[in-house]
1. What is the distance in Å between the Cα centres of segment A:284-301 and segment A:378-409?
2. Within straight cross-link reach of A:Lys248, meaning Cα distance under 19 Å, which aspartates and glutamates are found once same-chain residues fewer than 8 apart are removed?
3. Helix-only estimate, please: 222 nm mean residue ellipticity of chain B, summing -39500 (n - 2.57) across DSSP H runs of length 4 or more and dividing by its residues, to the nearest 500.
4. Students often forget the sequence filter, so: which lysines lie under 30 Å Cα-Cα from A:Lys544 once same-chain residues fewer than 8 apart are removed?
5. Where both partners of a DSSP beta bridge lie in the protein assembly as shown, what percent of those bridges are antiparallel, to the nearest 5?
6. From the backbone phi of segment A:198-208, what are the Karplus-calculated ³J(HN,Hα) couplings (6.51 cos²θ - 1.76 cosθ + 1.60, θ = phi - 60°) in whole Hz, Gly and Pro given as x?
7. Estimate the FRET efficiency between A:Arg175 and B:Leu67 by the formula 1/(1 + (r/R0)^6), using the beta-carbon distance for r and 51 Å for R0, to the nearest 0.05.
8. Which value, in debye to the nearest 20, gives the size of the charge dipole of segment B:2-142 about its Cα centre, when Lys and Arg are +1 and Asp and Glu are -1 at the Cβ?
Amino acid sequence: MYAYDQRDHAMLAQRTAQFRGQVARRLAGQLTEAEFRPLRLLNGLYLQLHAYMLRVAIPYGTLSALQMRGLAAVARSYDRGYGHFTTRQNIQFNWPKLDDVPRILDDLAGVEMHAIQTSGNTIRNVTADAYAGVAADEIEDPRIYAEIIRQWSTLHPEFTFLPRKFKIAVTGAPRDRAAVRVHDIGLQIRTNEAGDVGFAVIVGGGLGRTPVVGPLIREFLPKRDLLSYLEAILRVYNQLGRRDNKFKARIKILVQSTGIARFTEMVEEEWRRIAGGSLDLDPHEIARIAANFAPPPYDRLEPVDPGFEFKLAADPRFAQWCGTSLARHRQPGYAIVNVSLKPVDGVPGDVTAVQMEGLADLAERFSFSEIRATHWQNLVLPHVRLGDVHAVWLALATLGLATPNVGLASDVIACPGLDYCNLANARSISVAQAISRRFADLKRLNDIGDLRINISGCINACGHHHVGNIGLLGVDKKGEEYYQLTLGGSDDEDAALGDLVGPAFPYDAIVDAVETIVITYMDRREPGEGFLATYRRVGLAPFKERLYGAHQG
Amino acid sequence: MALIKDNALRPDAWVLVADDAELPESDPAIVSFARWRRDRARLARRNGPLGLRLGSDQPPEGVADDLAAFDLIALEFPKFTDGRAYSYARILRERYGFAGELRAVGNVLRDQLFFMRRCGFDAFEVGDDIDIGAWLEAFAEIEVIYQPAAGDTHALQALRTSLSPGPTRMRVTA
Ligand code: HEM
Ligand code: SF4
């Protein structure tokens, strides 16, 4: 875990004091809402349909048990007893009062957390692989670089009023669990022919109303040049990104309109001017940040734990949960435990204060006090001894957090939609709930296998519907809630945007339509073939036919 | 309009000259980019101090070869949310080494002063009715910085100190 030094603490204290002053000036009428807006956005404070919403950063998805307790305390004292984990490794509180916010920020600072740059047209909270540091296939821990980027981008004087928000994701493994190809900048740690570790740089991906799988603009960037290269990209974007139309303001539009080759040339030209200068990353500095992410003191264990094996064999419910929840840890005898935040009929991503505290307890007892947030709106206990997995499962079950559905059809990713969001066309949460009820039967759920369903309540795509295997997009048809369906999306290393199936379905028919797709897949799949593979083999036609009949769509 | 410079409200000796107006004989005068392009030869021969005002769609590359002619460059913020001039300021200071006055004009607000100063601005044109004490505080609200920017003469160390532990603080003043 990154531990704050005195400077980091001093900065947060000053920052909160500054925001307290801004809130006071707003409440005293010295700032107009238009002037206050960018200031509150720089501190993660949105105005939603019913109330303010505060978005707190969980940098690169890593949080300590202590921090989880801090979040629980905020949920309890200033909100309605719960928080909402998002797809961007943030947590949102839906009901804070404006004059409480400076106090909330003080409390968060006490556990080394903040809401800086979680919104606004600035460099946002940097995200990374939720399995960072524990994944078996990792080259290097992406959090080291995500933390370096977090520091560099914090209150960056030049890039606080960009044309639009700017999202950076880092992954350290060939298997992309950070969706780097759909970010403004995606960094993939890789090794070049000489054996040096550096980054592949992807620029101009994104979802929203113009979904783009980002192009690679540099095959290999040496580590020491990371910040100067990022600064060059941002400087080009800050000057040339469109400011006349907020729907065309993201960097992906700039990359498309200038052309990838020309854009890359401009970046490289600026980079050559500043490379090797004050932003050069010295190996000592990298090593010092890296020390924060050193592995915890693991026990030396056998790769197989007989007690664990016995319980697996003895208890099918435990085995079922392990089948979906565990991932391979790089340390023998340990497991990565995924915690589903998608109970049947629940609100995807919502966690109560009691559950947060329960998770903090579990992390302290069984996972070196560490917790991770994933971009699939779930949580992770990253270092659990195989021999402890059963105890963790039992404890999660008492907390209502042992739904055995991670990665399956009912593990739906959904944005807040019409229940909270003033931009929404349609509800997302209740559709997610209905889908989870429809696929509640575990035998069937497992038979269907891995399946990503993503729901966004409008074209802004907060629920990443374009990259869902099945994507649902809320649209408005004469005041009625309708949903467009896309198929075949993926957000990993073979990222793809889903294809539109045909005319949208009304609210009442959308869950049936999703089920029809699932049934069609099961009918057409070859043994062991996953949804994406089947879809890529058979194409849209069979799905269209079943959904709309032979001569429609 | 009032002017913040060197940590105080200062009288402003400069006048902005309309494109079709005569320039004062030798008093400090600011001209637009259009005027500069049109009258460059005459303006360069003039005796008094000369300033240039650039709009937010007029990047400084356009006058890179002429910078020696100017004692002042005013960069415009048409809206405070239009952040292009932050990059222009750094380019002027760091790429071209412009050492004259760099003035922020237009929609200049208290909460942007800190960022502007760090990008190399050293003068700020503000409304007449501001509470100067409160505005000056804006420069000192945040004392910890995490990245080198314009005017960080020990830029490398600035980043180093920010990444290294210890209470070393960087005092930021206008
Ligand atoms: C209810 C409050 C929210 C509002 C008003 C809101 C608004 C927006 C808007 C306007 C965009 C599009 C920006 C653009 O394309 O330039 C966007 C994108 C996005 N939002 Fe939200 N959002 C909200 C909540 C959330 C939540 C809860 C999540 C996570 C579950 C989320 C995740 C995202 C993501 C990942 C994108 C990026 C898509 C892209 O790459 O463009 N948002 N949001
Ligand atoms: S996708 Fe649309 S409806 Fe959903 S949260 Fe984003 S802006 Fe709101």
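Rule-based calculations on the coordinates, nothing more; no lab input. What you see is a predicted model; the values in this text were computed from it and never measured. All Cβ positions, glycine included, derive from the backbone under ideal geometry; neighbour counts span all protein chains shown.
1. What the calculation gives is 25 Å, centre to centre.
2. Of all the aspartates and glutamates, those that pass the test against A:Lys248 - Cα under 19 Å, at least 8 places apart if same chain - are A:Asp184, B:Asp57, B:Asp82.
3. -6500 deg cm²/dmol
4. Partners within reach: A:Lys342, A:Lys443, A:Lys477, A:Lys478.
5. 65 percent
6. In residue order, the calculated couplings are x, 10, 8, 10, 10, 10, x, x, x, 10, x Hz.
7. 0.50
8. Its charge dipole is roughly 540 debye.
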